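Notes to accompany the following structure.
The values are calculated or read from the model by the stated rules, or taken from the named source; none is laboratory data. All figures in this text were calculated on a predicted structure; none of them were measured in a lab. When we count neighbours, we look across all protein chains shown, and the Cβ atoms used for this are built from the backbone with ideal geometry, even at glycine. Protein only, heavy atoms only, side chains kept; ligands, DNA and RNA dropped before computing areas. Shrake-Rupley method; radii C 1.70, N 1.55, O 1.52, S 1.80 Å.
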Amino acid sequence: MNAYEEGVRNVEWAGEWIRNLAFYFIFLSAVMNVLPGGEEKKYIRFFMGMLLILLVLRPLLSFKGAEDFLENSVLAESASQDYRQMLREGENMELLGEEYVKSACERELSVQVRQLAEGLGYQVEQCVSEFFPGDELELKEIRLTLREAEDGGEAIKNQLMEVYNIPEGNINISIQG
């Protein structure tokens, strides 16, 4: 092969490499603009970053069988392990997020019930609300401990049934004193 043919081959190779990089950035922009904001963007960026590394390193790896080495290398195994770890963390974060939301709702509901009871003239010792297990936030029970209620807590019980649409049997009121 003469110098002219080698120069043409190098220019073609460089042109293909630049086209691949340009396509990568256009594709990345399109994907990031189409997806709504959220956790999935983190995973897309990770995957696209790994792809960019391979695109940039491809010319260096094309010499003397380096591509075969890459397919069987520690880099491929490390990326696979990182991906599996990321999936596990994503599942754990999803579960933790659901539990966090549920416990925050229980705390907020307890604050609202306490305010409602105090607005009706009751002195509240303790207020606990609980939701059914599962994906939906369905109110299971409200437990309320009052100090000295002359009517046995009937007014607050009726108010809770009306406001939170919860059956009477799921509202437990105890009175101290």
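Projected label points at N172 and V34, each 7 Å from Cα along the beta carbon direction, are separated by 5.2 nanometres. Placing dummy labels 7 Å off each Cα toward the beta-carbon, the span from E12 to V163 is 7.8 nm.
At full extension, R147 and E5 could sit 41.6 nm farther apart than now, given 0.36 nm per residue minus the alpha carbon distance.
Atom-type composition of the exposed protein surface of region 119-177 places 41 percent of the accessible area on carbon and sulfur (1.4 angstrom probe). Within region 13-44, which residues have the backbone N less than 14 Å from the label spot 7 Å out from V56 along Cα→beta-carbon, could you tell me? So the set is 21-22, 25.
Rounded if a/c is under 1.5, else prolate if a/b beats b/c, else oblate: with a ≥ b ≥ c from the C-alpha gyration tensor eigenvalues square-rooted, which is region 112-177? The shape class here is prolate.
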